[in-house]
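What follows is one structure encoded as structure tokens, with my remarks underneath.
The values are calculated or read from the model by the stated rules, or taken from the named source; none is laboratory data. On a predicted model such as this, the values are computed, not experimentally measured, just so you know. Cβ sites come from the backbone with ideal geometry, for glycine too, and all protein chains shown count toward neighbours.
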Ligand code: TRP
């Protein structure tokens, strides 16, 4: 099977993952990621429906990122992990953009029937106390999915309806705009995904119910959680015959422990030949062994925020490249593109990787990326220096009068410009410029130089390295424009 998969986890609760999350979701992602193209997001925008506290949200996101990455890297080889596109939903702006468009092809009734919203209403919450974010949660999730045109969406049972709504929305979009922009994804809910109950043996494992077994907490805390796990309430002495049904310790052993040893313990338990505490100790040991790599990775990643940041930046760049491509199709399909459209703004812009490279090259200093449109606003022209003099009372400046010809005069009302260059310190003299042609930037805002204004800038490139032992800026070398028409624009 080589399919494209998309899924996400919302950083709700406190953002940490417990063994219930592992068995219910992450384990499947790990298995599937080995042989499929996997897009996995931290659905941080979804968390805003319930978490409206800056500190908590940002902490939750960090926690979930660390937890997920530790599991993925703990259970996958380096190569398998490198294939996963792991990113933050909010790093890819196309998610909200598409949600906004999907709102318009989503019938109100469809959303009123959605669980997330209906369940809230049933909990005696007034409609006025439900925010529209919760209501439009399915459209955001549809956008999350449809941007990547996946074949499958692996989710837990509780999310099946959302994937069905996504199919519905995708179908409507394709029909309304008479174009098959979106593929209809299938929900993928592996049979083995048991919604494992919590340590109370009664309710679904959930942080807020306090019935979890953690993965990344200290050993002592996890030991306590294991010791507090529900077993067989009818059993008072270790010699009493024990029951396995509903016994959570044995349920967990099935997933995390050695099969033969577990079977042996089961037999002994039924005959009253082994104490609860022994079985629990074995579960604790098994969990520690099972998650050894993940727990080790967690410590390493927690100590290296730059590495985590890099993974997320790479992921966002890759996700964006795909998402922006789909958005370009969507804009086209709905009629947002016409002869006045600024198409370059909506091209695939994997800006993040380029920005990262630049930042690295410049020792972390930020460089701003500009678009091609922005760059073409720079006016570069061939000019001829008709006067060159040292500027009085200055040690650096050479004052040039530059001729740009009649066409230039038509645009600007004047064929000549006064342009300064501060290069006498490098040994340049006015004679180096006089009667020669160079390239100039001619649409800069004028800049004051002593008692005059510089009305442009001459182009130069960095010269050779300075001689050994000498420090300072490299000598500029001026770019000759000899042989080109005066006033000609570079394009
Ligand atoms: N709503 C999902 C949940 O709470 C998380 C999620 C967000 C998701 N976007 C998604 C799952 C896209 C699958 C695909 O579990």
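Couple of notes before you dig in:
- Condition met for residue 110 (in a helix (DSSP H, G or I), without any contact (Cβ under 8 Å) to a residue 24 or more places away in the chain, away from the ligand (no atom under 16 Å from the Cβ) and surrounded by fewer than 19 Cβ atoms within 10 Å (Cβ to Cβ)): no
- Subset of the range 434-445 (residues that are without any contact (Cβ under 8 Å) to a residue 60 or more places away in the chain and either exposed (fewer than 13 other Cβ atoms within 10 Å of the Cβ) or outside any loop (DSSP other than H, G, I, E, B) (or both)): 435, 437, 438, 439, 445
- Any hit, the range 171-178, residues being at positive phi and in the same structural domain as residue 43 (by TED's automatic domain parsing): yes
- Here residue 115 fulfils each of the conditions (1) under 26 Å from residue 40 (Cβ atoms); (2) surrounded by 18 or more Cβ atoms within 10 Å (Cβ to Cβ) apart from (2).
- Residue match in the range 405-412 (condition: under 16 Å from residue 478 (Cα atoms) and either assigned to a strand (DSSP E or B) or under 50 Å from the mean Cα position of the chain (by Cα) (or both)): no
- Helices (runs of 4 or more DSSP H) fully within the range 128-242 counting 2 or more residues that are surrounded by 21 or more Cβ atoms within 10 Å (Cβ to Cβ) and within 16 Å of the ligand (Cβ to nearest atom): 137-146, 160-176
- Elements of type helices (runs of 4 or more DSSP H) contained in the range 1-99, each with 1 or more residues being modelled with pLDDT under 95: 27-33, 78-82
- Restricting attention to the range 18-54, the residues that are under 22 Å from residue 256 (Cβ atoms), in contact with a helix residue (DSSP H, G or I) (Cβ under 8 Å, 6 or more places away or on another chain) and within 12 Å of the ligand (Cβ to nearest atom) add up to 2.
Okay, residues lined up against (1) in contact (Cβ under 8 Å) with a residue 40 or more places away in the chain; (2) more than 14 Å from residue 277 (Cβ to Cβ); (3) not assigned by TED's automatic domain parsing to the domain that holds residue 21:
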| site | (1), (2), (3) |
| --- | --- |
| 220 | no, yes, yes |
| 225 | no, yes, yes |
| 229 | yes, no, yes |
| 246 | yes, yes, yes |
| 256 | yes, yes, yes |
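- Residue within the range 89-98 that is within 15 Å of the ligand (Cβ to nearest atom), under 30 Å from residue 334 (Cβ atoms) and out of contact with any helix residue (DSSP H, G or I) (no Cβ under 9 Å at 6 or more places or on another chain) present: no
- Test for residue 419: is it under 23 Å from residue 378 (Cα atoms) and buried (at least 18 other Cβ atoms within 10 Å of the Cβ): yes
- Some residue of the range 57-65 being over 26 Å from residue 325 (Cβ atoms) and within 12 Å of the ligand (Cβ to nearest atom): yes
- The range 1-16 - residue that is within 12 Å of the ligand (Cβ to nearest atom) and either within 25 Å of residue 152 (Cα to Cα) or outside the structural domain of residue 70 (by TED's automatic domain parsing) (or both) and, of those, surrounded by the fewest Cβ atoms within 10 Å (Cβ to Cβ): 12
- Residues in the range 129-146 that are touching a helix residue (DSSP H, G or I) at 6+ places or on another chain (Cβ under 7 Å) and farther than 12 Å from residue 103 by Cα: 130, 134, 144, 145, 146.
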